[in-house]
Amino acid sequence: MLDINPILLLSTLVVFLFLIAVLNSWLYNPLFAYMNKRDEDIRKDLDKVGSNDEEIHELTSKAESIIMNAKLEASALREKVIVDAKKLAESKLEAKRAELASEYLEFEKSLANSKEQLINDLKSQVPLFKEAVKAKFSQI
């Protein structure tokens with residue numbers, strides 16, 4: 001049936017232990033060392049990221065303050081431009097009003113002159129109208 005050969009069993013045990021020792025020195029120890037180094041590098045990177053979070057928060061707050069100041073400056077500048085534009089529009093409006101007022105005065109003067117001329121023309125033609133009226137009455 002089955003025979004157990006002690007020499008073969010012993011040689012298999014020796015080969016197995018030798019294989020375990022070789023794999024331990026060539027494979028498992030370098031693999032564990034690499035895994036430990038990788039874990040340590042990951043821990044260092046996480047610590048750096050944690051410190052970067054603080055820097056990011058600082059930079060974000062600085063950026064927000066810069067943006068806020070820029071908005072305030074833009075608002076003040078916008079208000080100044082609006083005031084300047086209103087002043088300019090008001091001055092142009094006043095200049096146009098003055099121009100229209102002078103044109104209106106000239107129009108009134110020319111209208112008065114035309115009125116006087118028309119009155120004088122009518123006065124000069126009053127005798128003709130009187131004669132025409134007399135002629136009409138005489139025909140009646």
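No value in this document is a laboratory result; all are computed from the given coordinates. Just so it is clear, the structure is predicted and the values come from calculations on it, not from any experiment. Heads up, the Cβs are rebuilt from the backbone with ideal geometry, glycines too, and the neighbour counts pull from every protein chain shown.
How would you classify the chain from its alpha-carbon gyration tensor, with a ≥ b ≥ c the square roots of the eigenvalues: rounded for a/c under 1.5, else prolate if a/b is greater than b/c, otherwise oblate?
It is prolate, given that a/c is not under 1.5 and a/b is the larger ratio.
Among N113, L72, A135, which residue has its Cα furthest toward the positive end of the charge dipole of the chain, with +1 on Lys/Arg Cβ and -1 on Asp/Glu Cβ?
A135
Reachable aspartates and glutamates from K123, Cα under 20 Å, same-chain residues fewer than 8 places away excluded?
E131
I'd like the projected area of the stretch 23-67, averaged over all directions, using the convex hull of its alpha carbons. Report it in nm² with one decimal.
Over all viewing directions, the stretch 23-67 projects a mean Cα-hull area of 3.2 nm².
If you place +1 on the Cβ of every Lys and Arg, -1 on the Cβ of every Asp and Glu, and leave all else neutral, what size is the dipole of the stretch 8-139 about its Cα centre, to the nearest 20 Debye?
Charge dipole of the stretch 8-139: 1060 debye, to the nearest 20.
Could you tell me which residue out of V22, I82, V126 lies farthest along the dipole of the chain toward its positive end? Charges go on the beta carbon: Lys and Arg +1, Asp and Glu -1, centred on the Cα centre.
V126
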